[in-house]
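Please read the structure below before turning to the comments.
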Amino acid sequence: MLFCLSIVQALSIVYAESGCYAYFYNPESNVDNFASLKSKMDIQLKKSGKFRFQPFIDKDIFEKQFKGNQEALAILSSWHYKMLKEENGIKPVLVGVIDGKTTQKKALTARKEVKSIETLKGASIASAGSDDYTRNLLKQMLGKENEKLVESFQLLAVPKDIDALISVGFGLAEAALTTESSLDMLSAINPRLSDKLTTLAVSDDILLPVVAIPENHSPNLAKLLIALKNMGDTEDGNKGIQILGLDGWRKIDEKDGELLNK
């Protein structure tokens, strides 16, 4: 997959001189089919102009390409946006929606035999997110007094949240960091496995991925933004959005802005 992705990213350099880009990087999940995602998104965006979709697997390359680029918007996690907003001079304009909501909670889940967080020292934690994202979120969830505990964790990368929970159920990991909704999904598809698990900690509300644009951007970027927002109106466009793990987009409101400024 790394070889295929390097080709995809190399193509962005070839075409960088014309048109606008929608850059995508999300440390909260492992999108496992970049070629399909790019193809579906490109087809829809090109209907509205010289627009292209560019997914990234590498955080540093994503940041380098996006910084100061007046011809690109970014689809990124709210956690990542907070890291970049001041240095990059960007502003959020859209937020993802799932089941009518723009927020989600993350849960740390283990088998019921685990009686306390302290017993997880050096444990294997399954997560679909990147190492940086997972450790930072766990430190927020468990508090400063448990920072050394979080540093001791051995992280197990998995494709999806449901895989993280199954890893715990079958003893491949001691605990999993997932969305609360994935716990509901597991309960529906495998209630026996779900009954063996217990939730040790839950995060505060976390804003879903956002779309951010440079403060000083080209006029064409506004057209790309409209095209992206309206993708959910078509069947093919909706498939692309669903690969991102979302149902659609809506404008950032005051409440969303408060979560981004925390």
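The values are calculated or read from the model by the stated rules, or taken from the named source; none is laboratory data. Everything numeric here is computed off the predicted structure, so don't read it as measured data. Note that each Cβ is placed from the backbone with ideal geometry, even for glycine, and that neighbours are counted across all protein chains shown. The area values use the complete protein model at the heavy-atom level, side chains included, leaving out ligands, DNA and RNA. Shrake-Rupley method; radii C 1.70, N 1.55, O 1.52, S 1.80 Å.
None of Ala110, Ala128, Ala157, Ala175 is of a type in the set (A, V, I, L, M), touching a residue at least 40 places away in the same chain (Cβ under 8 Å) and over 27 Å from Ile243 (Cα atoms) except Ala110. For the residues Thr103, Thr134, the requirement of being in contact with a Ser or Thr (Cβ under 7 Å, 6 or more places away or on another chain) and open to solvent by less than 50 Å² (accessible area, probe 1.4 Å) singles out Thr134.
Taking helices (runs of 4 or more DSSP H) as the structural unit, those lying wholly within the stretch 148-262 and holding at least 3 residues that are open to solvent by 20 Å² or more (accessible area, probe 1.4 Å) and small (Gly, Ala, Ser) correspond to 180-189.
Every residue, every condition in (1) modelled with pLDDT of 95 or more; (2) farther than 29 Å from Phe170 by Cα, yes or no:
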site	(1), (2)
Lys85	no, yes
Asn88	no, yes
Val93	yes, yes
Thr102	yes, yes
Glu118	no, no
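A single member of Lys91, Lys64 is touching a helix residue (DSSP H, G or I) at 6+ places or on another chain (Cβ under 8 Å), of a type outside the set (Asp, Glu) and either open to solvent by 10 Å² or more (accessible area, probe 1.4 Å) or free of Cβ contacts under 8 Å to residues at least 40 places away in the same chain (or both), and it is Lys91. Is at least one residue of the stretch 108-119 in contact with a Pro (Cβ under 9 Å, 6 or more places away or on another chain) and open to solvent by 60 Å² or more (accessible area, probe 1.4 Å)? Scanning the stretch 108-119 turns up no residue that is in contact with a Pro (Cβ under 9 Å, 6 or more places away or on another chain) and open to solvent by 60 Å² or more (accessible area, probe 1.4 Å). Looking across the stretch 143-173, the residues that are of a type outside the set (D, E, K, R), touching a helix residue (DSSP H, G or I) at 6+ places or on another chain (Cβ under 6 Å) and more than 17 Å from Met185 (Cα to Cα) come down to Val150, Leu155, Ala173.
Does Ser29 fit the bill of being of a type in the set (S, T, N, Q), part of a helix (DSSP H, G or I) and surrounded by fewer than 21 Cβ atoms within 10 Å (Cβ to Cβ)? When the stated conditions are applied, Ser29 does not pass them. All of (1) in contact with an Asp or Glu (Cβ under 8 Å, 6 or more places away or on another chain); (2) part of a helix (DSSP H, G or I); (3) open to solvent by 30 Å² or more (accessible area, probe 1.4 Å) hold for Leu84 with one exception: (3).
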